[in-house]
Every structure is written in structure tokens, then in C-alpha cells.
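Working notes, beginning with the structure itself.
Read the figures in this text as sums done on the coordinates, not as results from a lab. The model shown is predicted, which means the values in this text are computed figures rather than measured ones. Reconstructed Cβ throughout: ideal geometry from the backbone, glycine too, with neighbour counts over all protein chains shown.
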Amino acid sequence: MARRSIKIPPKDTVAETSSNTETYNDVLNSLDSIQTKRKESASSYGASEPTVNRRTLIMATGIIGIAAILLLTFGSPLVPESDEGMTLGSMDFEIELLNSSKVLLSDYEGKPILLDFFATWCGPCKTQITELQKIQAKFPNVHILSVSIEPDDTIGLLETYSSDNDMDWFVGRDHTRRGKAKFYVSNIPTMAFFNSQGIRKYANHPPGVTSEATMSNWIIAD
């Protein structure tokens, strides 16, 4: 089966820029000063310096600033080189379950864990559910935990979704957004496997639908 994933829409808004930026007049005065110095320097060498359009410089500065913000916000996520040594403790985050109780990922330590990041609007995530159902039937001792990274996926919506799709395992949501950050989730579904000692051994790189055969190999290899 071809690996498929859905890129998460960039719903997160860019953080507000600092209120300590220069005023418009200060910027103009600074540009005037720079332009004067450039003319004086050019004159001392017997060369003429063309006048710099202030509006052009302001627009160029703004474009550079916007480009930097976009690069920092939507650039390629940092992906860890190895899964070895990543424990439930170091990757821990809080999950809100369907009964509105809040648990930590580390609360499930002691048994193998398959962690599934998804969203209710994600088509390939439903295919992943089918593969997880096969794993549940084959390895009943494995904890399966499906966590929505979509802020609009309320507990009520997740209850209906899990019931409609026969998700007979732990389902919740990443209500603090820390899970998405710690696991570098930029596409869904994203899967990770922790062994019974709480060490992350495998993750799907690149993200996409992970087959029952692949997940079985993760579990057996442990």
C-alpha cells in the first residue's frame, strides 16, 4: 500500500511581533542618516552616490522580515536523527481523554505503546484506523493511543468519531499542543512505538499510513 499522509494546514497564527519596534518617523530619520553617510563616503572617493528611495528601502526591509517569519514558522521541522534513547519521560505530554480526564503519556508505561497522531478531517487517518484494528486483534497486550492534534476536535466530536470508526482503544486530544511539538508532527497520520521499558524504538519517517505488517515488525522486534 502506498504511503499517504496529509499536510497539516498552517492554522497556527504567527506570534505577534514586538511592540518595541521603531516608529515610522524614526525609520525615516534613520534612512536619511544612512543615505547622507553614503553620499559623503562616495564624495570623498570622487564618485557619485545615487539617491536611495526611502519607500523602497522600507518595503525591502518589510519583505525581508516577513520572509524570515515565514521561514521560522513553516520551515521544515527538525526531525531527530535517531529514536534510540527517547523515553516516555522525555517525550511526555498531557492528553485529554474522551471522559474529559487528563493523563500523561508516561502513565501508560509498562506495556508496548502505539501512539497515533490524527485529526477527524484527515482521510488517510481513517485508513490508519483500519490498520490499528488489525494490530489490536493480533496484539491485545499493546496499548493503542490515538491523539488528535486538531484544536477544533472537541471531546464531543471525538466521541462521535471514535464510535463511528470502531476505535476500541484510548482516544484523546493534544489539548496543550505539546505532543505535536515534541513529536515534530507536520503530517498526519504520524505513528510512534514505545517498548514496554518506555523507550521509543520506531516512528514512521516520513509520516503516512503505517501498515499492520510494519507495526507488527516493530512489536515483534521489541
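Structural remarks
- Inter-site label distance for residue 196 and residue 92 at 7 Å from Cα along Cβ, in nm: 2.2 nm
- Treating r as the C-beta distance of residue 214 and residue 182 and R0 as 25 Å, the FRET efficiency rounds to 0.65.
- Stokes-Einstein diffusion coefficient of the range 88-222, Kirkwood radius over Cα pairs, 37 °C, 0.692 mPa s, in µm²/s: 225 µm²/s
- Our estimate of slack between residue 100 and residue 168, defined as 0.36 nm per intervening residue step minus the Cα-Cα distance, is 22.8 nm.
- Fewest-first ranking of 222, 168, 174, using other Cβ atoms within 10 Å as the exposure measure: 168, 222, 174
- Neighbour counts of C-beta atoms inside 10 Å place 188, 144 in the sequence 144, 188, starting with the fewest.
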